[in-house]
Amino acid sequence: MDTSLTPQDSAPAAPPAAPRRAGGGRPGFGTLLAVDLWERFSFYGMAAILVLYLTASEARGGMGMAPQTATAVFAAYMSLSFMAGLPGGWLADRVLGARRAVLLGGALITCGHAVLALPVTGTLYAGLLLVVAGTGLVKPAMATMVAGVSGEGKGRREAAFSLFYMCIQVSALIAPVVTGLLAERIAWHLGFAAAALGMTAGLIQFALGLRRYGDVGARPPHPVRRPEATAMLRRAVWVTGVVGGLVVLPVSYGLLPLPAVLAALGLTTVALPFWYLRSLRRAHARGTVHQRRLAGFTLLMAASAAFWMIFAQSGSVLSLFAERHTDRDVLGFEVPASWFQSVHPLFVLLVAPLFARLWLRAPRVDVPVKFAGALIAAGVSFLLMALASQLAAHGPVGPQWLLLVYLLYSCGEIALAPAGLALAATVAPPGSTSRLLAVNGLFGAVGVVAGGQLFRLTTVLSPTAYFLLLGGFVLTVGTTTALATPHLRRLLALPTGPDT
């Protein structure tokens, strides 16, 4: 990883351009959108059923884990998916190029889901790690491809990311319905098989559309020298073998305590993005625009981790609340708990156009303001969950509580996620776009791990107190971010107005 900070990364490098259509448009965006639809289908499909599968009794075909352990495993899987984006982004920038990174990553995701679909004992962690490795390659490389085909006109890049982010919610809407129905009503492993089929379809579509991108993503922008690449490949194979032999296999067969592994992973997750950004800042002279922008980026990303700490509990804490404390009967049909995971993307599709109009009509609503608003919405959502949990102590509550929480989640995500991606692409020093996009995801991992570990507090705190504690903390972070907006604007040196 040290080679990612060499001086050559500071040299300007013009990104390869996609062939233009008449009228200034760029081809290939639609194909990228379709590929990411399938990749998100596999991701959200598994996220909807993983905790439910882990906590289901062995008699029902599940793993029979305690809720606290299952939530920690889910958080580890999510955080590793984010963390893998950093080496995945480095490989896309320096070795593979974005195209080959997407192809290789998609193949690994497919293999991982196929392993999970096998009803064989001891394959859970191997399958999850394959999915993690593939996601780490696909996500930063896909974001780089989107940035490459969107162009650099006024507001065009963030508009492309916003459209991209909104449209893939269609897949996030459908995936929990399909995988949840198969998993909860027929067999858990069929849900994982559906995710594998979705990713396979995405790979085929991407391979067929490669000619549409021109030179975008065809080669790494700063290729590493072949001897260095060979040496790093040897080290990667060695590390993979050691991790597999000393960690994955012993955990799979109960020879190594899972809580200790999860704790070590959590500490690594929290430290890694701060260490990397500090190293990247030190690679530039003090007082330069890159160093100031990276400092502002670090502050905003640290705040965003609090949002993702709340948001990521949708697939764990809120899934368990839907299964155990929510009245899911609709005209005699019991709605599968996993279907509640489709509510959030549905709200995204409904309210995103309203937010798009808001950004155009409110020129001062720039990146720091969007982050503050998202954090405040997330904090309020858990305060509502505290009230719902208090009512649930007397019997199942209506689904309107979860629906309102998911509405707040959706508003927060629309404000924060596309702005974070566009900000990473904007402040990235030349030659490090994929890696900074991956760092954006790493702070999501920090939040996911923090939420997964904090859920262990429910062994000593009531659910109501747990929701109050987290909701109050995130609300405080959002308020602080709002008050610090002028300082953050000066650090980031971004223009204000509808184009930001």
**Item:** Fewest-first sequence of TYR125, TYR409 by Cβ atoms within 10 Å of each Cβ
**Value:** TYR125, TYR409
**Prompt:** For the range 382-500, rounded, prolate or oblate, judged on the Cα gyration tensor with a ≥ b ≥ c (square roots of eigenvalues), a/c < 1.5 rounded, else prolate if a/b > b/c?
**Reply:** prolate
**Item:** Nearest-0.05 FRET efficiency for ASP329 and THR459, computed from C-beta distance (R0 35 Å)
**Value:** 0.70
**Message:** What's the ranking of 106-112, 325-331, 137-143 by average number of surrounding C-beta atoms within 10 Å, highest first?
**Reply:** 137-143, 106-112, 325-331
**Asked** How big is the gap, in Å, between the Cα center of the range 338-417 and the Cα center of the range 58-135?
**Response** 27
**Item:** Peptides 349-357, 39-47, 478-486 ordered by average Cβ neighbours within 10 Å, highest first
**Value:** 39-47, 478-486, 349-357
**Item:** Positive-end residue of ALA386, THR326, LEU346, charge dipole of the range 320-397 with Cβ unit charges
**Value:** LEU346
**Request:** Tell me the label-point distance for the pair LEU349, ARG185, using the 7 Å Cα-to-Cβ offset, in nm and rounded to one decimal.
**Result:** 1.9
**Message:** Give me the tail of P(r) for the range 413-468 as a percent: Cα-Cα pairs with distance above 12 Å.
**Reply:** 71
**Prompt:** Out of residues 5 or more away from THR326 or on other chains, whose amide H comes under 5 Å of its own, with H placed 1.01 Å from N in the peptide plane?
**Reply:** VAL397
**Request:** Along Cα→Cβ, 7 Å out, is where each label goes; now give me the distance between the ones at GLN400 and ARG490 in nm to one decimal.
**Result:** 4.7
**Rounded FRET efficiency, nearest 0.05, which uses the C-beta distance separating ALA231 from ALA264 and R0 of 30 Å** = 0.65
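Here, each number is a calculation from the coordinates, and none is a lab measurement. Please read all numbers here as calculations on a predicted model, not as lab measurements. Ideal geometry is used to build each Cβ from the backbone, glycine not excepted, and the neighbour counts take in all protein chains shown.
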